[in-house]
Amino acid sequence: MKRTTLADTNGRDVRVERLRASRIQDSEAKTARARRGTRPSQAGRRITIAQVARDASVSTWFVYNQPQVRDAVHAGMATQREQGLQRPPAPGRHQVSPAGLQTELALARDEIRDLRKERDRLRERVRLSLGAEIEEVDRNRLVERVQQLERDNASLSAELTSTRDQLAAMEGRLLETEDDLTAARAGLRRAIRSVPPR
């Protein structure tokens, strides 16, 4: 068995500390990105937890569980309720052509098709994962049952060996007893013969 040395412990502590510092730094960067998305200067865009999470590339769980970000989102939402949604200044009016609309529609359809494929792929992965978990449970039960049967078999084998030993000992005693009985009968006959008739 390998003995843990002081150098190993110190090295592990340094790695753990580096990992902790990296996580703190990552969390601070995520918090800063998320807080930028809560400013009312995001003209024309409604401030919501989902929108802030999407803009900052973080999960909604992160937004809910970081008090600074959550409070900033609620403050931004309150400001928007009070002041109304600020629409961006309209750029120079330009006419959207039917061809442009058709292109956007085709792109949207492509994106929907890709999202459906991704959904189906993820659904299949979840199904396979659940199937593997169920099979793993059955396999574990089977292994436990086989191990129990092996233990029972070993116990019965030991009991059989012990019984065979006892039987052999009894057979030996029986032979000894038969020999003693034969000798006793022979002695009794000799004794009867040696007694003179009256």
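Taking the stated definitions as given, is S97 open to solvent by less than 90 Å² (accessible area, probe 1.4 Å), more than 30 Å from T38 (Cβ to Cβ) and modelled with pLDDT under 90?
Spelling it out, S97 is indeed open to solvent by less than 90 Å² (accessible area, probe 1.4 Å), more than 30 Å from T38 (Cβ to Cβ) and modelled with pLDDT under 90.
Being surrounded by 10 or more Cβ atoms within 10 Å (Cβ to Cβ) and either modelled with pLDDT of 90 or more or outside any helix (DSSP H, G or I) (or both): is that true of E135 here?
no
Just to verify a result, which residue in the stretch 20-30, among those that are under 26 Å from the mean Cα position of the chain (by Cα) and open to solvent by 100 Å² or more (accessible area, probe 1.4 Å), is farthest from F62 (Cα to Cα)?
The extreme case among them is R20.
Sort through R145, R113, R109 and tell me the only one that's more than 30 Å from R45 (Cβ to Cβ), part of a helix (DSSP H, G or I) and either touching a helix residue (DSSP H, G or I) at 6+ places or on another chain (Cβ under 8 Å) or open to solvent by 100 Å² or more (accessible area, probe 1.4 Å) (or both).
R145
N140: surrounded by 10 or more Cβ atoms within 10 Å (Cβ to Cβ), modelled with pLDDT of 90 or more and within 41 Å of the chain's Cα centre (by Cα), yes or no?
So N140 fails the test.
Condition first: open to solvent by 100 Å² or more (accessible area, probe 1.4 Å) and not acidic (D, E). Now tell me which residues in the stretch 175-195 satisfy that.
Within the stretch 175-195, L175, R185, L188, R189, R190, I192, R193 qualify.
The values are calculated or read from the model by the stated rules, or taken from the named source; none is laboratory data. Keep in mind it's a predicted model, so treat the numbers as computed, not measured. Virtual Cβ from ideal backbone geometry, glycine too; neighbours counted across all protein chains shown. Side chains are part of the model used for accessible areas, which takes the heavy atoms of the whole protein and leaves out ligands, DNA and RNA. Shrake-Rupley method; radii C 1.70, N 1.55, O 1.52, S 1.80 Å.
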